[in-house]
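In what follows, a structure is listed as structure tokens, so that the remarks can point back to it.
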Amino acid sequence: MIKIPKKFKSLFKYFVPYIFFSGNFRELFNSVFRRKQIIHKFEHEKNFYNRHAFINKAISKFENCKYLEIGVSNNDVFNSIPLSMENKFGVDPVYGGNYRMTSDDFFKKYSDLKFDVIFIDGLHEYDQCKKDCINSMKHLNHDGIIFFHDFLPRSFFEEKVPRKQKSWSGDIWKVAIELSKSKNIDFKIINIDMGIGMLKLKKDFEYRSIDGIKNKDFNDFLEYRETLPIINSEEALKII
Ligand SMILES: C[S@@+](CC[C@H](N)C(=O)[O-])C[C@H]1O[C@@H](n2cnc3c(N)ncnc32)[C@H](O)[C@@H]1O
């Protein structure tokens, strides 16, 4: 395959039809031939908030807050965090943030660090998200809060692992189900911006795994969804 230098790529958009750019053909193909898999089975709340708003509200509760973001990408959330750089930790093996490594390596290397607010938004696959969650719980200060992105997938393809389309939550909802059944964990999901998980730990908390959950799919999620502690944005703002 011919490799196109990066600097020429931006010019290509003027010459090459949109459809030939990576991903666009797949999106078009899905929208014509795979309509069933992309149909939304429910919608998120439409309101004037996103994950940045809730994370920043939580940060404002702490004096000298220490913030960790797992999976930073284009720094969209990371750049909105109004803390001095010594208190901002953004971990991503590919791009964004200030620690170029996987979350597993970060927790191994910086085993003594503790945080007040942690945002988990790394690899959207069940096993990795569960590891990120359990590690984050160990690194959370008393009264700290952990947020997650993408806990409420709306369609078969939005949930499917491996990824099938641009808008992708993956199967990390399985971690949400386990958290909702865990011991001494105060857990809610805000029904906005793809589903924002939010948790606080109580004394003697315990993460409880569910046998066989790894093999469940989107249809199972639709059933489990009824049991999740889903709240709206206004309710969330009151409890953060
Ligand atoms: C959805 S993006 C993050 C978006 C960002 N948090 C935001 O809200 O704008 C997911 C990121 O996770 C990163 N990632 C993938 N595997 C990871 C891992 N094992 N540890 C940390 N980050 C990972 C990817 O490189 C990607 O940049």
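Before moving on, here are some points about what is shown:
- Residue-level check: of (1) among the charged types (D, E, K, R); (2) within 13 Å of the ligand (Cβ to nearest atom); (3) under 19 Å from residue 195 (Cα atoms); (4) modelled with pLDDT of 95 or more, residue 166 misses just (4).
- Flag if residue 211 is closer than 30 Å to residue 28 by Cα and either part of a loop (DSSP other than H, G, I, E, B) or of a type in the set (Val, Ile, Thr) (or both): no
- The residue pairs whose first member lies in region 45-60 and is within 15 Å of residue 115 (Cβ to Cβ), whose second member is surrounded by 17 or more Cβ atoms within 10 Å (Cβ to Cβ) and of a type outside the set (Gly, Ala, Ser), and whose beta carbons are closer than 6 Å, counting only pairs six or more residues apart or on different chains, are 55/119; 55/147; 58/117; 58/145; 58/240; 59/65; 59/117.
- Contact map, region 143-162: residues that are closer than 19 Å to residue 57 by Cα paired with residues that are of a type in the set (D, E, K, R) and in a strand (DSSP E or B), Cβ distance under 7 Å, separation 6+ or inter-chain. Pairs shown: 144/116; 145/200.
The values are calculated or read from the model by the stated rules, or taken from the named source; none is laboratory data. Being a predicted model, the structure only gives us computed values, none of them experimental. Here Cβ is always computed from backbone atoms with ideal geometry, including for glycine, and neighbour counts include all displayed protein chains.
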